[in-house]
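Single-structure report; data block below.
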Amino acid sequence: MTSSKFEPNYDILDFVIKKANGIKGLVDRSLEIIPNQCIQPKEHRLDKSQIDNQESIPTIDLSNFDDLNVEKSIQEAASKWGFFQIINHGISIEVLEDLKDVAHKYFELPAKEKVTYFKESYSAGESVLMFWSAICEKNEKVLEWRDSIKHGCNQQNDSNHWPPQTRNQVLEYQMWAKPLAKKLLEVLLKGLNVNEINESLEPLIMGTMDINTNYYPPCPNPSITIGDRRHCDINPIKGALAVNIGDSLQIMINDRYKSIEYYVAVDSSRARISVPLFVNPILDSVIGPFPQDDMGDLYVQRLNVITGSTKIQSKAP
């Protein structure tokens, strides 16, 4: 495609988002030149020369989850890195592969089917599934190179709003991932003498849950755009899950664990898929360090919840 395929004043946002063509719709038009609306400022681009050595990213075997050494490894990885991979976590390869397959199938649908799930604005914790391309919040000036759907997992009938193409597989994944997320959070909280997530703590620690499916189409010039500024981008071990620490948990743990901003690179020849599961405090919570912590409040101002506390992510090419 040359730049003449879109007129200079053509509304790319309307084509990509409101008409639900997505970033994939640009690629389907044999895109050769990235529209200006998708070109990231230089300070936001991914500098691959400064990517940390991936061999040093911790991979933790959960086959003996209750072992104190395993718990210590999880806590150390969260403290030093803010993310790690887990293997032997109890979710089968088949469940993860099925999730990846239906994600590809969903994003291959024509725009007229996907537009059913489009919403003009985003409301945090909303139970209705959404379709959007990139992050198009009011403060975002550049589209990221991805299309996404969100599966809200907070009300009994939430799945009725999900696309039939993804419903069964996302429900299956949720069934396995939710208890895993809870157990990981309990391990992370043990350092503060919080031995379980009881009924009083659950709204703060696991108040809401969303499963997003992100599709990163092939990009003709991946050096000037990114897929996401909010994900961990690592080469996954087959069957492994990546666990990220989010901002809210960092505040609750009083800066003992790190929430670090990550980037997702896009590829020039193939599409990529990621399926992050977000575990968030209940909406409008006010959070701060746990009272059990005796290190003093490193966060002087209590913050309203705006981001997730922990994220488990299944990634695949």
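The values are calculated or read from the model by the stated rules, or taken from the named source; none is laboratory data. From a predicted model like this one, the values you see are computed outputs, not experimental measurements. With ideal geometry, Cβ positions are generated from the backbone for all residues, glycine too; neighbour counts draw on all protein chains shown.
Observations on the model:
- The range 193-218 - residue that is surrounded by 22 or more Cβ atoms within 10 Å (Cβ to Cβ) and among the hydrophobic types (A, V, I, L, M, F, W, C) and, of those, nearest to SER30 (Cα to Cα): ILE211
- Residue match in the range 86-93 (condition: assigned to a helix (DSSP H, G or I), more than 30 Å from PRO220 (Cα to Cα) and at pLDDT 90 or above): yes
- Enumeration of residues in the range 165-181 that are among the basic types (Lys, Arg) and under 26 Å from ILE60 (Cβ atoms): LYS178
- Lone qualifier among GLU55, GLU43 - being under 30 Å from ILE12 (Cβ atoms) and either at pLDDT 85 or above or not in a loop (DSSP other than H, G, I, E, B) (or both): GLU43
- Pair list, Cβ under 9 Å, 6 or more apart: the range 85-100 residue farther than 13 Å from VAL70 by Cβ, other residue of a type in the set (Asp, Glu) and modelled with pLDDT of 95 or more: VAL95/GLU172; ASP98/GLU172; LEU99/GLU172
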